[in-house]
Amino acid sequence: MSGALSNTEDFGWEIKRFGTYLINAGGQGRAFTVNGNMHVSGTISKGGTLKTDHPLDPLNKNIQYGFTEGARYYLVHIGEEQLVNGRATIDIDAEFELAPGTFAAMNQNAYVTSLNHQGSFDRVISLPIVGGVFEIICENEASTGKVVWTVIGERADAFVRNIDPNCERGTGRFIPQFDKPDYVEPEHA
């Protein structure tokens, strides 16, 4: 373990094992870095984002999302669109300035879960999402109203499908419930 304090240079502390960082606090522009698995006995309060390899260009790009807690790794996209002649086509990648194909690569089991036609009683429906694109159709073919929409999907990127120990290998299905290891009574001196 080593540490450094300075008024003019980076400072912090680190723990290494055989020359490899295990924990690094401060320094190099980071508040705290853990290389490897981390167990916290207690509550974690966090801000920040999910940051992972971009599914379409993992060697050159990252993608980040804000956190939504749930029993699955949900990705939530919310937007609004103005109808033209009672219709609107939503391209989720374009809506969020993502590379074409990103939504489809990051999501499985994605659905339009909510449509709210602002200021109108005209009913609206959505067609299924295909490749990150879906269509909203209003029963009033002349409608120019604004529709607020919500799409929820489950993460399907390579990390959850192949690496994340909290997910089923191959499918990326999040496993929210699991057995605890057998309790071992601590030895008393």
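Every residue, every condition in (1) open to solvent by 50 Å² or more (accessible area, probe 1.4 Å); (2) in contact with an Asp or Glu (Cβ under 7 Å, 6 or more places away or on another chain); (3) under 30 Å from T144 (Cβ atoms); (4) modelled with pLDDT of 95 or more, yes or no:
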site	(1), (2), (3), (4)
T49	yes, no, no, no
D53	yes, no, no, no
P58	yes, no, no, no
K61	yes, no, no, no
Q64	yes, no, no, no
R72	yes, yes, no, no
G79	no, yes, yes, yes
N85	yes, yes, yes, yes
T89	yes, yes, yes, yes
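Report yes if D93 is open to solvent by less than 40 Å² (accessible area, probe 1.4 Å), touching a helix residue (DSSP H, G or I) at 6+ places or on another chain (Cβ under 8 Å), modelled with pLDDT under 95 and of a type in the set (D, E, K, R), otherwise no. When the stated conditions are applied, D93 does not pass them. Has segment 133-151 got at least one residue that is touching a residue at least 60 places away in the same chain (Cβ under 8 Å), farther than 25 Å from D57 by Cβ and within 19 Å of the chain's Cα centre (by Cα)? Yes, segment 133-151 contains at least one residue that is touching a residue at least 60 places away in the same chain (Cβ under 8 Å), farther than 25 Å from D57 by Cβ and within 19 Å of the chain's Cα centre (by Cα). The residue of segment 106-121 that is surrounded by the most Cβ atoms within 10 Å (Cβ to Cβ), among those that are at pLDDT 95 or above and of a type outside the set (S, T, N, Q), is A110.
Of all residues in segment 158-167, which are part of a loop (DSSP other than H, G, I, E, B) and either at positive phi or at pLDDT 90 or above (or both)? Show your work before the answer.
Looking only at segment 158-167, we keep the residues that are part of a loop (DSSP other than H, G, I, E, B), and these are 164-166.
If the condition is that a residue be part of a loop (DSSP other than H, G, I, E, B) and either at positive phi or at pLDDT 90 or above (or both), then no residue fits.
Yes or no: L127 open to solvent by 30 Å² or more (accessible area, probe 1.4 Å) and in contact with a Phe, Trp or Tyr (Cβ under 8 Å, 6 or more places away or on another chain)? Yes; evaluated as a whole, the condition is true for this residue. Here segment 172-186 is the region considered, the condition is being of a type outside the set (D, E, K, R) and free of Cβ contacts under 8 Å to residues at least 12 places away in the same chain, and the residue that is most open to solvent (accessible area, probe 1.4 Å) is Y183. Quick check on segment 158-166. Is at least one of its residues touching a residue at least 60 places away in the same chain (Cβ under 8 Å), aromatic (F, W, Y), out of contact with any helix residue (DSSP H, G or I) (no Cβ under 7 Å at 6 or more places or on another chain) and open to solvent by 30 Å² or more (accessible area, probe 1.4 Å)? Yes, there is a match, as at least one residue in segment 158-166 is touching a residue at least 60 places away in the same chain (Cβ under 8 Å), aromatic (F, W, Y), out of contact with any helix residue (DSSP H, G or I) (no Cβ under 7 Å at 6 or more places or on another chain) and open to solvent by 30 Å² or more (accessible area, probe 1.4 Å). For I152, the requirement of being under 21 Å from G70 (Cβ atoms), modelled with pLDDT under 95 and open to solvent by 30 Å² or more (accessible area, probe 1.4 Å) is not met.
The values are calculated or read from the model by the stated rules, or taken from the named source; none is laboratory data. Because the structure is predicted, anything quoted here is derived from the model rather than measured. Heads up, the Cβs are rebuilt from the backbone with ideal geometry, glycines too, and the neighbour counts pull from every protein chain shown. Side chains are part of the model used for accessible areas, which takes the heavy atoms of the whole protein and leaves out ligands, DNA and RNA. Shrake-Rupley method; radii C 1.70, N 1.55, O 1.52, S 1.80 Å.
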